[in-house]
Amino acid sequence: MKPVRSGILVFRFSAMGDVAMTAPVLAAFREQYPDLPLGVVSRNAFTPFFADIPRLSFHSLEPKGRHKGLTGIFKLFLELNATRPKAIADLHNNLRSRILGLFFFFLRRTGNPG
């Protein structure tokens with residue numbers, strides 16, 4: 001499956017209420033900027049919150065499976081890097097999302113992988 005291009009990639013990994021409150025904000029953002037590619041990274045269980053937002057790509061995070069630990073975060077980076085995001089919005093701000101952001105900052109900036 002070809003990755004969906006993402007202009008802005010939004011991280012919100014957990015706390016169901018916080019993820020649910022993110023959806024209307026992204027829907028309003030989508031109304032203001034209908035042509036800007038938008039992607040969300042969160043747990044698969046939270047997919048329904050974003051189902052009604054048009055032209056939004058959802059990438060599932062599996063923190064107890066394939067995205068577990070530092071190597072898992074790096075795998076997630078490689079998956080997300082394929083979407084070539086122009087910007088990252090870290091709405092989670094925990095250790096996992098900060099490390100992921102550092103991968104984007106350092107590895108994308110130097111041109112390493114992808």
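The values are calculated or read from the model by the stated rules, or taken from the named source; none is laboratory data. What you are looking at is a predicted structure, and each value in this text was computed from that prediction instead of being measured. All Cβ positions, even for glycine, are placed from backbone atoms using ideal geometry, and neighbour counts span all protein chains on display. SASA here: full protein model, heavy atoms, side chains in, ligands and nucleic acids out. Shrake-Rupley method; radii C 1.70, N 1.55, O 1.52, S 1.80 Å.
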According to a simple spin-label model (label point 7 Å from Cα along Cα-to-Cβ), what is the distance in nm between LYS68 and VAL25? 3.0 nm
Of all the accessible heavy-atom surface of the chain, with the other protein chains kept in place and a 1.4 Å probe, what percent is carbon and sulfur? 61 percent
Go through segment 35-114 and name the trypsin sites (Lys or Arg not before Pro) that are in a DSSP coil and have 16 or fewer other Cβ atoms within 10 Å of their Cβ. ARG55, LYS64, ARG66, LYS68, LYS86
Report P(r) for segment 29-114: all Cα-Cα distances, bin width 10 Å, range 0 to the bin holding the largest distance, values in whole percent. 15, 49, 31, 5
Per residue, in Å², the accessible surface of segment 31-72 once ligands and nucleic acids are set aside, probe 1.4 Å: 64 Å²
Please compute, over every Cα-Cα pair in segment 1-77, the percentage with a separation greater than 20 angstrom. 31 percent
Helix 16-32 against the longest principal axis of the chain: what's the angle in degrees, Cα atoms only, rounded to the nearest 10? 70 degrees
Remind me, relative contact order of the chain in percent, using alpha carbon pairs under 8 angstrom and six or more residues apart? 33 percent
Under a 5 Å amide H to amide H cut-off, with H placed in plane at 1.01 Å, what residues pair with HIS59 once short-range neighbours are removed? VAL40, VAL41, SER42
